[in-house]
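This report refers to the structure that appears directly beneath it.
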Amino acid sequence: MSNKSPKRKPKKISKQRAERKSSYFGTVLTIVGLVLAVVALISLRPQVNVSPADALDHSQPFSVPFHITNASFYAIDDVQPTFYIHRLMISGVNAGENLVGFSETKTLEHAESATVMCNFTPVEGLPQDADVVLVIDYRVWWIPFWHPRQYFRFVGRYGDNWQWLSEPIGTVRKDTDAAFEHDRQLREMFRLHPPGSH
């Protein structure tokens, strides 16, 4: 009589269990794919950075150059900076609510920078309070019908010298957009009814 025990046959994985495992791995791969797609989109989104430099004339707050840097992985075209002077308190009077634009547009390659200055009318002495927004409009060549706009708000403070400190755009964005719309309406009115046309 043999002492060998009978060999056990390996259990077969049921079809239902195999389908559950396949569905699980499919779900995981889908989630991983979506996460990677989101990361790719975020990295490809246009990115512009703005930073103020030291004032060229410490008695004039608007002599500060602002560096505009293309932080995208590709070139951006028709870069159009515009300053919105939201608030400029001088001797208790608000001289703000003005737009200061530039007719020239630029193309910025990846990591390339341009410099702009507000060129606002020189003021006597330093303002008691100042709040400006540098608006950057531009185009991305591979999205032809999209014209991104970014807002960079700076509040003026005086320490050893005048400085522009970065602040969140907050509700000032609404006032900025309203100023742009008012300017657009004025330009359209002058286009349709040039001075001296009547």
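A short reminder: the numbers here are calculations on the coordinates, not readings from a lab. Bear in mind that the values here come from a model prediction, so they are computed numbers and not experimental data. Cβ atoms come from the backbone with ideal geometry, glycine included; neighbour counts cover every protein chain shown.
What the table shows:
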{"quantity": "Inter-probe distance in nm under a simple model that places probes 7 Å from Cα toward Cβ, at residue 56 and residue 181", "calculated": "3.6 nm"}
{"quantity": "Spacing of the two label points (7 Å from each Cα toward its C-beta) at residue 161 and residue 49, in nm", "calculated": "2.2 nm"}
{"quantity": "Equivalent ellipsoid dimensions for the stretch 48-192 as semi-axes, Å, which come from the Cα gyration tensor, largest first", "calculated": "26, 20, 13"}
{"quantity": "FRET efficiency, residue 128 to residue 74 (Cβ-Cβ, R0 41 Å, nearest 0.05)", "calculated": "0.45"}
{"quantity": "Gain in span if fully extended, residue 93 to residue 29, counting 0.36 nm per residue against the direct Cα distance", "calculated": "16.9 nm"}
{"quantity": "Pairwise label distance in nanometres, residue 103 with residue 191, each label 7 Å out on the Cα-Cβ vector", "calculated": "1.7 nm"}
